[in-house]
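Below is one structure; the comments refer to it alone.
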Ligand code: TXA
Ligand code: MG
């Protein structure tokens, strides 16, 4: 299948919506990362997403909708107070809420679980697309399973290009990091995946502790680089020849391939996955990543870097 690259025009958003309604797979931009969209209540369409991504069936998908009211229809919540508190504060935006699912949500989308994940993205193209489709859209990150999430249409074409119908290209994503996932059916709520929301503010809203999502394989977000190591700036000085570096401290290392990302968590997040894709395209065999600060604002990035360097599926 040849994937069409659609520039963002009202006609092309309409075209993408029609293709989704007809059961096709369409990648689209969100404020976090590109999503691989398909009809979220249609088992055949959902199945296509798992196949295209080569994603294990137990790893549940997020249902995307255009409003909190529509999200609530997908849930079976006895008391929606916390839902509304979070929805009002963070939606549209990079928060995903997990709660008991309504009957009509297929278990194929939830990896067999009785809970479903829902999100209202803030990217105007995503919102317009969801409005036009007028039904929930499952949208995992638009990358092959275990690879870094796509933050540009080029990444989508690189990892999924021959497996999907089209990608709506709106340029690089604002955050570059996936949404924060929180399970509000537990008391206190549990953060299943740290993400684009700054946890510092967020924890005071939820007193949430961090746990793990079911599908979060230890090895994840992995560039095709055989050796990835995390090291302090001092340790980097001892790295063998031919090791490439991914830094956030501006330093000159003579004769090395060096990616220097912004020295703040927001700028770093925006660039991280793109840097992974650039480095693997260079055929790098060994990459040492400068350790990021232990500060809470870097927590999601520490998580992603740790997973990208893990060689094991646990
Ligand atoms: O920012 C994002 O969340 C992006 C954009 C496209 O919206 N989507 C995304 O989807 O990252 P995906 O499929 O790559 O990651 C979804 C995460 C996984 O860690 C999954 O295990 C978790 O959400 N998740 C989904 N449904 C769940 C459920 N019912 N219970 C627990 N965790 C769930
Ligand atoms: Mg993903």
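The values are calculated or read from the model by the stated rules, or taken from the named source; none is laboratory data. Bear in mind that the values here come from a model prediction, so they are computed numbers and not experimental data. All Cβ positions, glycine included, derive from the backbone under ideal geometry; neighbour counts span all protein chains shown.
Return yes when residue 60 is at pLDDT 95 or above and closer than 15 Å to residue 36 by Cα and no when it is not.
Yes: the conditions hold for residue 60.
If a residue has to be in contact with a strand residue (DSSP E or B) (Cβ under 7 Å, 6 or more places away or on another chain), buried (at least 20 other Cβ atoms within 10 Å of the Cβ) and in a loop (DSSP other than H, G, I, E, B) to count, how many in segment 1-33 make the cut?
Total satisfying the criteria: 3.
If we keep just the residues of segment 139-153 that are under 18 Å from residue 1 (Cβ atoms) and more than 10 Å from ligand 1 (Cβ to nearest atom), which is surrounded by the fewest Cβ atoms within 10 Å (Cβ to Cβ)?
Applying the filter and picking the extreme gives 144.
Among the residues of segment 267-314, count how many are in a helix (DSSP H, G or I) and without any contact (Cβ under 8 Å) to a residue 24 or more places away in the chain.
So the count comes out to 4.
So residue 299 ticks every box in (1) surrounded by 17 or more Cβ atoms within 10 Å (Cβ to Cβ); (2) touching a strand residue (DSSP E or B) at 6+ places or on another chain (Cβ under 9 Å); (3) modelled with pLDDT of 95 or more but one. Which box is left unticked?
Evaluating residue 299 over (1) surrounded by 17 or more Cβ atoms within 10 Å (Cβ to Cβ); (2) touching a strand residue (DSSP E or B) at 6+ places or on another chain (Cβ under 9 Å); (3) modelled with pLDDT of 95 or more leaves (3) as the failure.
So in segment 154-168, with the set limited to residues that are within 15 Å of ligand 1 (Cβ to nearest atom) and either touching a residue at least 24 places away in the same chain (Cβ under 8 Å) or part of a loop (DSSP other than H, G, I, E, B) (or both), which one is nearest to residue 271 (Cα to Cα)?
The residue in question is 155.
Within segment 34-63, track down each residue that is away from ligand 1 (no atom under 11 Å from the Cβ) and surrounded by 24 or more Cβ atoms within 10 Å (Cβ to Cβ).
Answer for segment 34-63, where residues must be away from ligand 1 (no atom under 11 Å from the Cβ) and surrounded by 24 or more Cβ atoms within 10 Å (Cβ to Cβ): 38, 40.
Looking at residue 122, is it at pLDDT below 95 and surrounded by fewer than 24 Cβ atoms within 10 Å (Cβ to Cβ)?
Criteria not met by residue 122.
Could you look through segment 34-52, keep only residues that are within 19 Å of residue 71 (Cβ to Cβ) and part of a strand (DSSP E or B), and pick out the one that is nearest to ligand 2 (Cβ to nearest atom)?
Restricting to residues being within 19 Å of residue 71 (Cβ to Cβ) and part of a strand (DSSP E or B), the top hit is 35.
Considering each of 172, 136 in turn, give the residue that is away from ligand 1 (no atom under 12 Å from the Cβ), touching a residue at least 12 places away in the same chain (Cβ under 8 Å), more than 15 Å from the chain's Cα centre (by Cα) and farther than 12 Å from residue 25 by Cβ.
Of 172, 136, the one residue that is away from ligand 1 (no atom under 12 Å from the Cβ), touching a residue at least 12 places away in the same chain (Cβ under 8 Å), more than 15 Å from the chain's Cα centre (by Cα) and farther than 12 Å from residue 25 by Cβ is 136.
Residue 282 fails exactly one of the following numbered conditions: (1) under 17 Å from residue 222 (Cα atoms); (2) surrounded by 14 or more Cβ atoms within 10 Å (Cβ to Cβ). What is the number of that condition?
That leaves (2) as the condition not met.
Residues being part of a loop (DSSP other than H, G, I, E, B) and either within 16 Å of ligand 2 (Cβ to nearest atom) or surrounded by fewer than 17 Cβ atoms within 10 Å (Cβ to Cβ) (or both): count how many of those fall in segment 221-238.
So the answer is 8.
Identify the residue in segment 96-117 that is within 16 Å of ligand 2 (Cβ to nearest atom) and crowded, with 23+ Cβ neighbours inside 10 Å and, among all such residues, is farthest from residue 175 (Cα to Cα).
Ranking the candidates gives 109 first.
Hey, any hits in segment 64-82 for a residue that's within 16 Å of ligand 1 (Cβ to nearest atom), in contact with a strand residue (DSSP E or B) (Cβ under 6 Å, 6 or more places away or on another chain), within 21 Å of residue 129 (Cβ to Cβ) and outside any loop (DSSP other than H, G, I, E, B)?
yes
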